[in-house]
Structures are given as structure tokens and as C-alpha cells.
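Beneath this line is the structure, given in C-alpha cells, with notes to follow.
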């Protein structure tokens, strides 16, 4: 099954390569990986989606902790996290079809971000399933180009990403 | 005060208490080597950078301090790779410093440029590329800290030539190192102590598996106290040799593929395994799904990623072994396991006739006899270094090493060519020790060039070169599992006595058992490095043996009657 793993890492050159190298050499297949800044300067946050089982997911977290630049890691899979993807879809839209497409955009709560003579760029955020359905609906109109981010995820409630792994193992 | 990057580097090394470095200069280390003589550090010029890494590795294993290797960019750096991987697999703290091309050349395929931080990513605990002089000092401090703390390991620092050359206003800063993602100080939870005590108290057939972690954590006394209080026998891994004296009544000896049959039998029969600083390598477990089927397992390890990696355990103590055992001891009550120990003695008795030492002298020279006799003539006090293969396993079996950090071998990576450079590194770590390197004719020829290093340094080591004319361990597998098809394993050798002589070293040759003593005595009395070539039986095997994929207790035993007598 899919595991959604969050990592807080030091924002230093080569960190992405270390994470990618770890996944490669331990034989894990990354389905998506996103990285960006956090509320804390110098710290980046990664959302990594891997297709693997519970035991292997635990192993990958243990390996990630061995990396000096990795600060915190958490598997959000069993915490029903908020997971979002973003896609931009450039679709053929002449005068005849434009209104029709815009109606679909409204149904899916997407947004038109660029309008040209023959095309529209539509931005949509949501779960992977929602974006997949939207793409399917648009396909008959002619998708010229599409770009999708991987998933970003956050646990629900007031708790921030916690480091249960380390806290459990520190002497009380 | 204004200092160049090179000067800052050396000053940082001095501050880390480095007295010896092993290196080979080149274009990208010119500034670094140029500044060297201003500092009280001895530079050992190696003949190949692999040797530098092995020397630093053995230096670290023997001394417990960080070993340092230096190489130039490109081929210098790539030549370190085997040595770094060796240190990584056996958790040896080394810092490798490589020169790198000018920072503005990086990425342009400049002369002798290679992406060594990329290459060594999976075989270092951590690595750094330094392009700015001001980063040298903090990086060196971090590198030494990371190499030696937690589960030790190799760290590589790649420093561009311009960063070595540039001068900056600089003062040594010893403020605390801040590495938010690095937690070498994990400790077990107190709640686990009671649970562990309960498991230990209830066990009828407990067994301690002692690994290298016992020595790295300096938990020798704690191991002994624990074993004695709970009357628990101890089996050691290859790298755990020396964790407990061989004549201690609770020390059963080595486990694993070429361990003692009774040890493996005991593991398979145990109801509680206490793993102390060992990682259930495939060479000690045999077929994993048939490993210790009746035993509960408690794993003590400083590296959380080792827990449940190879073997699923019932309880884990993550942290420093010494500290964990100290905290656990007050929870333990004395126990007696005479029945269990008698059971193991029973296994032992049935193995004894298969020991080669029980054989009557038949006028032939056997490697096992050579090693046994050197053990005898060195009174078991030598600092022993081995290569990889039959010589390694026989030395583990027949050189009964009682001292910690005195059996130096490439366990995890199994690096042939390790012995000679490692013996040189070991000698620098403990100059007063009598160093003996046990090495086969195959492995010796891989790094033979380091004889010149020993000669140039004027150090004294002793080399027992076990020459059987084959790559012996591979030949053994071919004999047992590939219908004796000796493909690519017969190996010719130069005249090793002349090779030693050509280096200005003492070379001796032994072909009969009765010549061993005088040769060893002559080597011992010689002030410089001595090499003894032992021409041993060519097709002898190491027994007992667990064949790959077999259950641990199903060992192939030495035939009780010799082949040529049957």
C-alpha cells in the first residue's frame, strides 16, 4: 500500500541526493517526492509517497534517521492526513468549448489561471483521485500539456509533526 | 590571525589529537601537504590510497581513536573507496580528507576531478564538500564528532584546492557542535528494564551473542558481570573476538559459518538470545527463517536501524551498550544454568575429534598448525591482523585472542588485501605491540606494495604468509559446491623471500612443522619487518562450515579420517 512519509531536513546542498540514494540502494520505489520550505528557516519539508508494506516503511524511516541532515521523520499513513496535489492542465478551448469547460472547472472547484485564443490553463488542487477524475473529464477536449506536483501532506489537529520515534527512545 | 585553509585543517587535526595520518599527495593536496611540516603530525606515505584507508581503519580499531587518511582528487579519492566501504561495514571511525579541484572547475570534468562525495554517499556515515575556507574548521570538528560518536563510521571531507589556499582571519572555535538531525545519544526506556529482567529470569537456556559493539562501547566488564551474575554462556562474533577472554568458563567461542559447531548448536537450542552490539549478519545466522527458532531475542544496539533488520526481536535496547547494561544490572537476580551448560558441554565433546589439532603429525604442514604454533610462541599476546579467506577463519579459530581490540579483520566487507596495510596501521596505533599479520598468498599480492611503506617507516611487523597456491576459500567452495572445478583459483606467486629481501626486510620460508618455532623466533628477534612464507598443504579446508543458505546447526564437519588415509 501507499505510505505517506514526512521528513524535516536541513536545507543544505546534497540532502535530496542523500534521501534519493537511500531509497535507491535499499530498493524502495518512490511514487512521489515533494520538497519545500517550512515555517522554520533552514529547514525543508519533504513529503515522500512510497508503495510498500508496514514493516518496510518502518525500516525506511529507521534508515532516514541515520542521515545526519534528517531531523524528523513521520509516517502519516495511519493518521488520515490531509493530502493535496496540485496540477496545471493546458486544455484546447476554442470559443465553442470554452463555456463548457469553465462549467466543469466550477464543478471541480478548479481555477482558470490563463486564457488564450485556443487554450486554457486550469489549476486544480485536491487528492490524487479528484485530480484523476478531472483529467478524465477534460481528456475529450484535448489536453495539450499537464504538470502535477507530488503529494504534500499534513496531519490533522493542533499537533505539529512530532518526533515520536526519538521521544520513545530517550530516557525519561 | 590570518591562516590558510591548509593551515586551519592541520591545526584542527592537532586539536582532534591526531598524531599520525596515512596519505598520498597529489595536485589537489599540494597546499595541504605544503603546510604539513609546521604541525606535530607524522605523515605515513602509502603506496596506494586503499592502503591509507585500511591503515587509518586498523589504527582506529586498535586505538579507539579516529584514524585519518589523506588522498588527492580523482584517482586518489577513488582508490580510497574499498577502504572506506570496509570501515563502513565494520563501524570503524575514520576521517578521509581528499583534495578537490578548484571550486570554479567543479562540474567541468577538470583534470583529476571526480565527484567523490557522490561516489562515497552510500559508504560513508556522512560526507562533506568544502569550497569555502571558513567552513573547514567547523566541518572537521563535525566530521570527527560524527565518526566517533554513536555507531562509529567513516566520514569524508572533500576540500577544494582554492579553499586550502585562501587565507582568512581565523581563531579556533570550540563552541558546541549543532547537528539537529544527529542523535547518537539515544537511551533505552526504563520501562523495558523490568520486562528484560523478567525474560532473563525466566530463561532456562539463555545465551549472550557478543559483537564488536562490546569493545566499541568499552563494556567488557559489564559483559563479564552480566554473564557471571546470570550464569549465561557467551558466543562471540568474528569481530567480537577479544570481548571476553578465551579461558573464561562462560566463553563458548565463535559463532557462525566457521564458528564452533557447539556454539551454533547452542544458539539453535537457546530459549533466550541476548545480542550485545552485534547485527545478526547472514554469516552468523545461517538460513534466517530457521535461526534460533525457540529463542526470544533481546537486541542491544546503538543503531536503531539494526533493530528488526535481519532478525525480528522481542525487545530492543537502543543506546550505548555499557550504559544499558549498567542500568539493567540492578534489576537482575543471580541465576544458575548448570543443566544448560552441561548440555552445551555435551555438544562440545562430540566436536573435539574433528579438530585438526587432534591429528597425529603426518609430516605435512597445515595452516591451522602454523597459526596454532604462532599463538603458542607469541604466548597469545600478539596484536593479530588477518586478511580474508581461509587464513582469516583459521586465525579466528586457532589464534585464541584474549585481548580486546587485538583481532583486526575485515568482517562485513571481507576485503582481501586488508592485512598488510591494516597491520601497519595497527602498529602505529600500538607501537609497543608485537603485530602479526596472517595473510594468504592471494590477498597478500593485492596490497603487497605496502611492504615498501613498512620499510620506509622502519617499523617492525611480522607477516605470516600462508601460501597454499590457491585462492583457498574460493577453492574450498569450488571443491564442496562446484564439483572441484577450480576455475581461476590456482595462483602462482613470486619468491616471497626475495620480495622481502628486495625491500630490505627479513624473509624466511617454512615447509615443515618443526621449522615453525625457529622461524618465528628469528622473526621476533629481527628488529625490522619480517615475512615468513609458510608453504602449506594446498587443498585443506576450513571446518566446520555452514554452507550458504543452510540452517545454522547443520554444519559440514571435518572428516575424522584424513582423505589420503581413507
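The values are calculated or read from the model by the stated rules, or taken from the named source; none is laboratory data. Just so it is clear, the model here is predicted, and its values are computed rather than measured. Neighbour counts are summed over all protein chains in view; Cβ atoms, including those assigned to glycine, are modelled from backbone coordinates with ideal geometry.
Looking only at the stretch B:272-311, filter to residues that are under 19 Å from residue B:214 (Cα atoms) and without any contact (Cβ under 8 Å) to a residue 24 or more places away in the chain; which one of those is surrounded by the fewest Cβ atoms within 10 Å (Cβ to Cβ)?
B:305
From B:250, B:238, which residue is surrounded by fewer than 24 Cβ atoms within 10 Å (Cβ to Cβ), touching a helix residue (DSSP H, G or I) at 6+ places or on another chain (Cβ under 8 Å) and closer than 23 Å to residue B:402 by Cα?
Working: B:238 fails: surrounded by fewer than 24 Cβ atoms within 10 Å (Cβ to Cβ).
After ruling out the rest, the residue left standing is B:250.
Please go through (1) outside any loop (DSSP other than H, G, I, E, B); (2) touching a residue at least 12 places away in the same chain (Cβ under 8 Å); (3) within 25 Å of the chain's Cα centre (by Cα) for residue B:477 and return the number of the only condition it doesn't satisfy.
(2)
If residue B:174 satisfies every condition in (1) away from every other protein chain (no Cβ under 14 Å); (2) closer than 26 Å to residue A:66 by Cα; (3) crowded, with 22+ Cβ neighbours inside 10 Å but one, which is the exception?
(3)
Just checking, does the stretch B:533-550 include any residue being modelled with pLDDT of 95 or more, under 30 Å from residue B:432 (Cβ atoms) and in contact with a strand residue (DSSP E or B) (Cβ under 8 Å, 6 or more places away or on another chain)?
Scanning the stretch B:533-550 turns up at least one residue that is modelled with pLDDT of 95 or more, under 30 Å from residue B:432 (Cβ atoms) and in contact with a strand residue (DSSP E or B) (Cβ under 8 Å, 6 or more places away or on another chain).
Looking at the stretch A:62-71 only, could you name the residues that are closer than 16 Å to residue A:3 by Cα and either facing chain B (nearest Cβ under 7 Å) or outside any helix (DSSP H, G or I) (or both)? Give the derivation first.
Residues of the stretch A:62-71 closer than 16 Å to residue A:3 by Cα: A:62-64.
Of everything in the stretch A:62-71, those that are closer than 16 Å to residue A:3 by Cα and either facing chain B (nearest Cβ under 7 Å) or outside any helix (DSSP H, G or I) (or both) turn out to be A:62, A:63.
What about residue A:21, is it surrounded by 15 or more Cβ atoms within 10 Å (Cβ to Cβ), in contact with a strand residue (DSSP E or B) (Cβ under 9 Å, 6 or more places away or on another chain) and without any contact (Cβ under 8 Å) to a residue 60 or more places away in the chain? Give the derivation first.
Numbers: surrounded by 15 or more Cβ atoms within 10 Å (Cβ to Cβ): yes; in contact with a strand residue (DSSP E or B) (Cβ under 9 Å, 6 or more places away or on another chain): no; without any contact (Cβ under 8 Å) to a residue 60 or more places away in the chain: yes.
Here the answer is no, as residue A:21 does not meet what is asked.
List the number of the failed condition for residue A:166; all other conditions in (1) more than 14 Å from chain B (Cβ to nearest Cβ); (2) surrounded by 13 or more Cβ atoms within 10 Å (Cβ to Cβ); (3) at pLDDT below 95 hold.
(1)
Test each condition in (1) touching a residue at least 60 places away in the same chain (Cβ under 8 Å); (2) within 14 Å of another protein chain (Cβ to nearest Cβ) for residue B:135 and report the one that comes out false.
So residue B:135 meets the others, but not (1).
How about the stretch A:102-126: which of its residues are outside any strand (DSSP E or B) and buried (at least 19 other Cβ atoms within 10 Å of the Cβ)? I'd like the intermediate steps shown before the answer.
Pass one, the stretch A:102-126, residues outside any strand (DSSP E or B): A:102-110, A:116-118.
Those that are outside any strand (DSSP E or B) and buried (at least 19 other Cβ atoms within 10 Å of the Cβ): A:105, A:110.
Filter the stretch A:81-101 for residues that are surrounded by 14 or more Cβ atoms within 10 Å (Cβ to Cβ) and within 22 Å of the chain's Cα centre (by Cα) and give the result. Outline the logic, then answer.
Let us first name the residues in the stretch A:81-101 that are surrounded by 14 or more Cβ atoms within 10 Å (Cβ to Cβ), namely A:81, A:83-93, A:97-98, A:101.
Scanning the stretch A:81-101 gives A:81, A:83, A:84, A:85, A:86, A:87, A:88, A:89, A:90.
Only one residue in B:165, B:70, B:146 is crowded, with 24+ Cβ neighbours inside 10 Å and more than 12 Å from chain A (Cβ to nearest Cβ). Which one?
Numbers: B:165 fails: crowded, with 24+ Cβ neighbours inside 10 Å; B:146 fails: more than 12 Å from chain A (Cβ to nearest Cβ).
Exactly one of B:165, B:70, B:146 is crowded, with 24+ Cβ neighbours inside 10 Å and more than 12 Å from chain A (Cβ to nearest Cβ), namely B:70.
Of the residues B:195, B:204, B:221, B:216, which single one is away from every other protein chain (no Cβ under 11 Å), surrounded by fewer than 18 Cβ atoms within 10 Å (Cβ to Cβ) and under 25 Å from the mean Cα position of the chain (by Cα)? Quick ask: steps written out before the conclusion?
Details: B:195 fails: under 25 Å from the mean Cα position of the chain (by Cα); B:204 fails: under 25 Å from the mean Cα position of the chain (by Cα); B:216 fails: surrounded by fewer than 18 Cβ atoms within 10 Å (Cβ to Cβ).
B:221 is the lone residue from the list that is away from every other protein chain (no Cβ under 11 Å), surrounded by fewer than 18 Cβ atoms within 10 Å (Cβ to Cβ) and under 25 Å from the mean Cα position of the chain (by Cα).
Are any residues in the stretch A:47-60 in contact (Cβ under 8 Å) with a residue 24 or more places away in the chain and at the interface with chain B (Cβ under 9 Å from one of its Cβ atoms), and if so, which ones?
Answer for the stretch A:47-60, where residues must be in contact (Cβ under 8 Å) with a residue 24 or more places away in the chain and at the interface with chain B (Cβ under 9 Å from one of its Cβ atoms): just A:59.
Out of all the residues in the stretch B:496-520, which are within 13 Å of residue B:531 (Cα to Cα) and in a helix (DSSP H, G or I)?
Going through the stretch B:496-520, the residues within 13 Å of residue B:531 (Cα to Cα) turn out to be B:496-510, B:516, B:519-520.
Selection gives B:496, B:497, B:498, B:499, B:500, B:501, B:502, B:516, B:519, B:520.
Quick check: anything in the stretch A:25-42 surrounded by 13 or more Cβ atoms within 10 Å (Cβ to Cβ), facing another protein chain (nearest Cβ under 9 Å) and within 23 Å of residue B:126 (Cα to Cα)?
Scanning the stretch A:25-42, I find no residue that is surrounded by 13 or more Cβ atoms within 10 Å (Cβ to Cβ), facing another protein chain (nearest Cβ under 9 Å) and within 23 Å of residue B:126 (Cα to Cα), so the answer is no.
Would you be able to tell me the number of residues in the stretch B:417-443 that are in a loop (DSSP other than H, G, I, E, B) and crowded, with 22+ Cβ neighbours inside 10 Å? Before you say what the answer is, go through the steps one by one.
Taking the stretch B:417-443 first, the residues in a loop (DSSP other than H, G, I, E, B) are B:417-418, B:430-434.
From what's left, crowded, with 22+ Cβ neighbours inside 10 Å: B:417-418.
Of the residues in that region, 2 qualify.
Is it the case that residue B:559 is touching a helix residue (DSSP H, G or I) at 6+ places or on another chain (Cβ under 9 Å) and outside the structural domain of residue B:424 (by TED's automatic domain parsing)? Lay out the reasoning, then the answer.
Working: touching a helix residue (DSSP H, G or I) at 6+ places or on another chain (Cβ under 9 Å): yes; outside the structural domain of residue B:424 (by TED's automatic domain parsing): yes.
Here the answer is yes, as residue B:559 does meet what is asked.
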